[in-house]
Amino acid sequence: MKAREKLGSILKEIISERKEKKLLESERDLLSCLLNWKGEGGEILSDDEIGDNIIGVLYAAQDTTTTVMTWVIKYLHDEPKLLECVKVRSRDKFEKFNTSFFFVAGFYGGLL
């Protein structure tokens with residue numbers, strides 16, 4: 001538990017420094033995303049919530065992909081506007097891929 005407390009205090013210092021330097025908009029990392037997050041009602045994450053999210057990602061170890069995907073699904077569920085945006089962009093990408101795939105498959109299928 002001491003290690004968790006130490007990590008929590010280090011993260012609080014980093015969060016405070018980032019807020020003081022007003023680097024929230026220019027940085028594109030996990031911390032900045034969490035600091036800039038706003039819910040539909042305008043709520044923001046507390047420093048403790050931000051620290052907990054970062055620690056969750058850090059401690060995921062070999063399960064990082066699973067953990068991150070779980071968080072992504074949770075946030076997409078909690079943010080319907082974001083989910084809709086992801087659906088639209090994914091649909092556009094899939095349609096481009098799908099069209100290319102069938103063109104290539106049809107081309108090579110015709111050669112066989």
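Odds and ends about this structure:
- Hey, Ile44 of a type in the set (Val, Ile, Thr) and assigned to a loop (DSSP other than H, G, I, E, B) or not: yes
- The set of residues in the range 21-62 being modelled with pLDDT of 85 or more, of a type in the set (Asp, Glu) and farther than 22 Å from Leu83 by Cβ consists of Asp47, Asp48, Asp52.
The values are calculated or read from the model by the stated rules, or taken from the named source; none is laboratory data. Everything numeric in this text was worked out from a predicted model, so none of it was measured. Cβ: placed from backbone, ideal geometry, glycine included. Neighbour counts: every protein chain shown.
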